[in-house]
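Read the structure below first, then the notes.
The values are calculated or read from the model by the stated rules, or taken from the named source; none is laboratory data. Just so it is clear, the structure is predicted and the values come from calculations on it, not from any experiment. FYI the Cβ positions are ideal-geometry reconstructions off the backbone, even for glycines, and counts take in every protein chain you see.
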Amino acid sequence: MSVTVRVPAKVNVQLAVGAARPDGFHDLANVFLAVGLYDEVTVTPADELRVTCAGPDAGQVPLDRTNLAARAALALAERYGRDADVHLHIAKDIPVAGGMAGGSADGAGALLACDALWGTGASREELLALCAELGSDVPFSLVGGAALGTGRGERLTELEVGGAFHWVFAMAARGLSTPAVFREFDRLARGREIPVPVASQDLLGALAKGDADALAAAVSNDLQPAALSLFPELADTLAAGRAAGALASLVSGSGPTTAFLARDAEGAEAIAGALRASGTCRTVRTAAGPVPGAALV
């Protein structure tokens with residue numbers, strides 16, 4: 001018997017970052033939107049815990065116990081006093097180290113799949129608490145849709161969305177480390193006062209109305225200057241997307257994937273074609289959101 005869970009990627013339509021806290025984390029106002037690029041995590045009983053991965057850039061995914069899917073299986077097993085003797089197979093389609101929460105998606109997927117396989121019957125609140133222990137973005141991967149994340153991003157308030165938003169994602173030639181981007185944010189912020197992060201009411205209103213133009217005017221990412229500082233070539237990709245007619249362009253999360261908001265599906269395909277021809281990125285994908293979070297297949 002095996003259990004498969006499908007989990008979406010995310011784009012941050014707002015990422016407001018506060019000053020570093022004593023624990024090293026940063027307070028965030030993080031508006032997540034789940035989009036239709038997916039990883040699938042399949043869990044099968046085995047003699048011991050092992051992880052395999054297939055798909056684009058699978059070679060960059062750790063297959064030891066640092067993998068968030070493995071950590072999720074171990075955390076749930078410990079909570080319920082059992083051994084995490086499973087084979088976790090990740091079918092990868094979310095960009096690796098791309099700022100779209102691929103690792104977090106795998107953690108949420110493994111948690112839900114192991115819960116189903118083992119019949120642990122964990123409540124949604126218990127699963128969300130385990131997700132929060134695993135990482136700041138993992139709870140949203142379980143919930144999906146659209147949500148405001150506060151604290152370090154793990155405390156979620158689900159948001160109303162009035163329609164579909166169409167996106168183009170450009171994958172860069174290399175990855176970026178999320179901790180490195182936050183360190184660069186701290187370096188660039190040294191000596192100036194950083195405001196307390198709050199969600200943009202204009203942005204929340206645009207999501208609720210399903211208004212792409214209003215959303216384009218309100219998107220923001222406080223980590224973008226740090227990502228561009230570490231990976232200056234991303235500016236060329238952002239410029240290419242804007243020239244192709246994107247309503248908005250921004251670095252997704254900690255990067256280096258760049259995200260472009262289109263007016264509709266046809267516009268997204270046109271922007272994608274221009275980005276492919278621009279030579280400024282490795283691959284290009286289109287996706288719409290919001291979509292549901294982790295779900296059994």
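List, please: which pairs have Cβ atoms under 8 Å, are six or more places apart or on different chains, and start with a residue in the stretch 191-220 that is on the phi > 0 side of the Ramachandran plot and end with one that is of a type in the set (A, V, I, L, M, F, W, C) and at pLDDT 95 or above?
GLY210/VAL161; GLY210/ALA164; GLY210/PHE165
Considering only residues that are in contact with a strand residue (DSSP E or B) (Cβ under 8 Å, 6 or more places away or on another chain) and assigned to a loop (DSSP other than H, G, I, E, B), look in the stretch 145-159 and name the one that is surrounded by the fewest Cβ atoms within 10 Å (Cβ to Cβ).
Among residues in the stretch 145-159 that are in contact with a strand residue (DSSP E or B) (Cβ under 8 Å, 6 or more places away or on another chain) and assigned to a loop (DSSP other than H, G, I, E, B), the one surrounded by the fewest Cβ atoms within 10 Å (Cβ to Cβ) is GLY151.
Quick one: how many residues across the stretch 116-133 are touching a residue at least 24 places away in the same chain (Cβ under 8 Å), under 23 Å from CYS53 (Cβ atoms) and surrounded by fewer than 24 Cβ atoms within 10 Å (Cβ to Cβ)?
Number satisfying all stated conditions: 5.
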